[in-house]
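Bear in mind these aren't lab numbers, they're just calculated from the coordinates by the rules spelled out. What you are looking at is a predicted structure, and each value in this text was computed from that prediction instead of being measured. Every residue, glycine among them, receives a Cβ derived from its backbone with ideal geometry; neighbour counts consider all protein chains shown.
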Amino acid sequence: MSGYLPVFIFAVLIVAFGVVSLVVARLLRPSNPATVKLTNYECGAEPIGSAWVQFPVGFYLVALVFIVFDALAVFLFPWALVLRSAGLEAFWVMAVFVAILGLGWLYAYREGVLEWK
């Protein structure tokens, strides 16, 4: 049981912090804000239409491609640091990994994901 005591203490502190933060925010907020403060503000332009607008799927596809290459960077830098001690097998494993990501990039390029329309 003593091994779980720090976990329990942290859990209690986390919940207490959340509850105290919400209570303090409720006490400090304005009770009757003006209508001007309840309107949307975006670069000084008056809001027109609904806020629920569909974004083009290109934004999501570019984000997915970014995540793939971000994963490449996360694995590539530590690998480069230990390459000399890891040996030739580690080199070929990373070569296969980069080749698979390269095929993914080639597929995305051929499908036109990387072109803004």
*Place +1 on the Cβ of every Lys and Arg and -1 on the Cβ of every Asp and Glu in region 5-111, take the dipole about the Cα centre, and give the residue among 77, 104, 9 whose Cα lies farthest towards its positive end.*
9
*How much FRET efficiency would the formula 1/(1 + (r/R0)^6) give for residue 101 and residue 59, where r is the Cβ-Cβ distance and R0 is 22 Å, rounded to 0.05?*
0.55
*What FRET efficiency would be calculated for the residue pair residue 81, residue 13, taking the C-beta separation as r and a Förster radius of 25 Å, to the nearest 0.05?*
0.10
*Which of these values of Cα Rg over 2.2 N^0.38 Å was calculated from the structure shown: (1) 1.88; (2) 1.26; (3) 1.02?*
(1)
*Assuming R0 = 30 Å, what is the FRET efficiency of residue 66 and residue 25, from their Cβ-Cβ distance, to the nearest 0.05?*
0.30
